[in-house]
Amino acid sequence: MNFTGPSMRPILKHGDLLQVIPYHGQKIHPGDVIVFLPPEGEQRIVHRVISTSSEGIRTRGDYCTRIDPWILDSGHVIGRVIYAIRGKKQRRIHGGFLGCLSAMAIRAFHLTDCIISSLFRPVYYWMARRGSIRRWTTSLFQTRVLYFKRTDGTELQLLMGKSVVGRWLPGKAGWHIRRPFRLFVNEGSLPENPSKSSE
């Protein structure tokens, strides 16, 4: 299956191809990355198991700040993610103890990133608005915008070289540009998404 969304960054990214195997009665361990259908839901979700008990299975996305609201039983679980393929690279997705360690490291990194970002965000946006760095580096960083038709509207992707540095997803109100690339891009000159939110 293809992975969509940001909830498992950086282990999984939007567009990764996942290899999933069923459990076939084997035990589900905390740290496993599983594919499941939530209770009363029809869309498959890929999150990490954070606990198993007599009550059921609790999950959370590595990039999410909150535990998922549902409690799963084994009947909701489709299988375990064992590999992710991105481009020509195939990576093993660890579960169990190694998966728990990986999730802890990711959450510690996110917490540190949030603290540092909140301290420097005003300076970062001030520098982006001023455009000083952009004027010095215009010839070095050429950008282009690609349009992709999706079932829910149009997705715009901002590329710098071969890297996607920004996206405007259908139904969203504006561009989401990765740090530090807002310093090198004149957001006002970028096209608007025809599927943008009216909010």
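The ranking of Lys196, Lys88 from fewest to most other beta carbons within 10 Å of each one's beta carbon is Lys88, Lys196. Listed by chain and number, the lysines whose C-alpha is less than 20 Å from the C-alpha of Lys88, apart from same-chain residues fewer than 8 away, are Lys13, Lys162.
Charge dipole (Cα centre; +1 on Lys/Arg Cβ, -1 on Asp/Glu Cβ; no other charges) of the chain amounts to roughly 1040 debye.
Hull volume per residue, based on the alpha-carbon atoms of the chain and their convex hull, is 154 Å³. A Gaussian network model of the chain, with springs between Cα atoms under 10 Å, assigns the largest mean-square fluctuation among Tyr63, Tyr83, Tyr147 to Tyr147. Cross-link reach is defined here as a Cα-Cα straight distance under 14 Å, omitting same-chain residues fewer than 8 places apart; for Lys196 the aspartates and glutamates meeting it are Asp152, Glu155. Normalised by the number of residues in the chain, the mean separation of alpha-carbon contacts (under 8 Å, six or more apart) gives a relative contact order of 15 percent.
Neighbour counts of other Cβ atoms within 10 Å put Thr112, Thr59, Thr151 in the fewest-to-most order Thr151, Thr112, Thr59.
Mean residue ellipticity, 222 nm, helices only, the chain: the sum of -39500 (n - 2.57) across DSSP H runs of n ≥ 4, divided by residue count and rounded to 500, is -7000 deg cm²/dmol. Calculate how steeply helix 96-130 sits against the longest principal axis of the alpha-carbon atoms of the chain, using the helix alpha-carbon long axis, and give the answer as 0 to 90 degrees to the nearest 10. Computed tilt is about 20 degrees.
No value in this document is a laboratory result; all are computed from the given coordinates. All figures in this text were calculated on a predicted structure; none of them were measured in a lab. In this analysis, Cβ positions are derived from the backbone assuming ideal geometry, glycine residues included, and neighbour counts consider all displayed protein chains.
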